[in-house]
Amino acid sequence: MEQMLENRLEVSHLSHAFIKANGEEIRIFQNLNFAVGAAEIVAIVGRSGAGKSTLFNLISGLLKPSAGKIALGAREDGSAGSIAYMLQKDLLLPWRTILENAVLGIELQRPVTTADRSRAKDMLARYGLESVANAYPHSLSGGMKQRVALTRTLLANPTVVLLDEPFSALDYETRLMLENDVISLTRSEGTSVILVTHDIDEAIAMSNRIVVLGGRPAKITREENIVLTVDGSSAERDAVTARGAPEFPQFHKTIWNALRASDVAHASA
């Protein structure tokens with residue numbers, strides 16, 4: 001991937017297709033173009049089967065695109081940027097303790113230090129997992145495992161985080177807390193986030209911009225900048241206050257109508 005970009009990530013003229021066993025080509029994307037700036041949260045929404053997870057596989061390098069370019073920008077100090085990918089499933093290693101799972105992303109890049117372990121313990125404590133740091137994944141609930149997975153993702157210090165339906169299995173209170181942690185991460189570390197979600201409320205509350213995918217092959221049918229007034233200003237919103245913003249219902253209606261229009265267009269295609 002290229003460096004020296006103004007944005008943290010740029011997707012240019014991206015097209016992708018799968019070839020079936022009989023030689024038939026199934027086109028997933030056609031000429032996608034979008035960028036993600038520093039400290040920006042971009043939510044991607046679309047109907048099931050619109051290719052959102054395939055897009056993440058392309059961005060993360062797990063798949064090579066049929067055409068087009070995906071370029072990752074450098075850090076502020078000029079060093080190479082990096083991507084961390086949090087899937088819907090926690091994918092914790094059952095033979096490693098919770099603490100050992102939490103530092104796995106760091107371990108894959110370099111030796112884990114005492115400071116890394118201390119930072120991991122602090123983050124686990126924030127999520128109420130301090131008492132199970134030395135336990136194994138089989139003893140945790142699904143929501144607890146997902147919190148460990150988020151800890152592992154953030155500890156790797158990525159410049160771009162890919163979140164694929166990360167909070168769908170969590171209770172509402174925990175979900176809001178982790179949404180806030182991601183929002184805070186962009187402010188404190190300048191990390192950029194791309195969020196795939198089916199939850200329109202979550203997309204509006206967390207993101208600076210929403211990208212709607214529709215059609216087959218998928219294309220961007222709408223981009224919506226999200227500006228919410230919280231306590232009389234548009235700054236320092238969180239997952240709770242965002243949902244109470246006066247603009248929130250209109251944004252929900254706009255995105256919902258864009259998704260419905262995409263479904264109609266796909267059905268008639």
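Couple of notes before you dig in:
- Here the condition is being in contact with a Leu (Cβ under 8 Å, 6 or more places away or on another chain), modelled with pLDDT under 95 and either farther than 24 Å from Gly37 by Cα or aromatic (Phe, Trp, Tyr) (or both); of Ser234, Ser262, it holds for Ser262 alone.
- Elements of type strands (runs of 3 or more DSSP E) contained in segment 10-76, each with 1 or more residues being among the basic types (Lys, Arg) and at negative phi: 25-36, 67-72
- Taking (1) among the hydrophobic types (A, V, I, L, M, F, W, C); (2) open to solvent by less than 10 Å² (accessible area, probe 1.4 Å); (3) more than 30 Å from Arg119 (Cβ to Cβ) in turn, Phe167 satisfies each apart from (3).
- Test: residue in segment 42-62 that is in contact (Cβ under 8 Å) with a residue 24 or more places away in the chain and more than 29 Å from Gly214 (Cβ to Cβ): no
- Of all residues making up segment 40-98, the number that are among the aromatic types (Phe, Trp, Tyr) and loosely packed, with under 13 Cβ neighbours inside 10 Å: 1
- Residue within segment 152-165 that is without any contact (Cβ under 8 Å) to a residue 12 or more places away in the chain and part of a helix (DSSP H, G or I) present: no
- All positions within segment 139-152 that are under 22 Å from the mean Cα position of the chain (by Cα) and buried (at least 16 other Cβ atoms within 10 Å of the Cβ): Gly143, Met144, Lys145, Gln146, Arg147, Val148, Ala149, Leu150, Thr151, Arg152
- Complete set of residues in segment 108-133 that are at pLDDT below 90 and either in a helix (DSSP H, G or I) or surrounded by 16 or more Cβ atoms within 10 Å (Cβ to Cβ) (or both): Met123, Arg126, Tyr127
- The one condition in (1) acidic (Asp, Glu); (2) modelled with pLDDT under 90; (3) farther than 28 Å from Ala258 by Cβ that Glu165 fails to fulfil: (3)
- Selection status of Tyr136, crowded, with 16+ Cβ neighbours inside 10 Å, more than 26 Å from Leu9 (Cβ to Cβ), modelled with pLDDT of 90 or more and of a type in the set (Ser, Thr, Tyr): yes
- Annotation: Leu92 fulfils all but one of (1) in contact (Cβ under 8 Å) with a residue 12 or more places away in the chain; (2) aliphatic (A, V, I, L, M); (3) within 19 Å of Asn157 (Cβ to Cβ); the unmet one is (3).
- Test result for Arg175, surrounded by fewer than 20 Cβ atoms within 10 Å (Cβ to Cβ) and assigned to a helix (DSSP H, G or I): yes
- Flag if Val240 is closer than 19 Å to Ala39 by Cα, open to solvent by 70 Å² or more (accessible area, probe 1.4 Å) and modelled with pLDDT under 95: no
- For segment 184-228, a residue qualifies if it is farther than 30 Å from Ile19 by Cα, open to solvent by 50 Å² or more (accessible area, probe 1.4 Å) and β-branched (Val, Ile, Thr), and exactly one does: Val227.
The values are calculated or read from the model by the stated rules, or taken from the named source; none is laboratory data. Given the structure is predicted, the values throughout are model-derived calculations rather than measurements. Don't worry about glycine lacking a Cβ; one is built from the backbone with ideal geometry, like all the others, and counts go over all protein chains shown. In case anyone asks, the SASA skips ligands and DNA or RNA and just uses the protein heavy atoms, side chains included. Shrake-Rupley method; radii C 1.70, N 1.55, O 1.52, S 1.80 Å.
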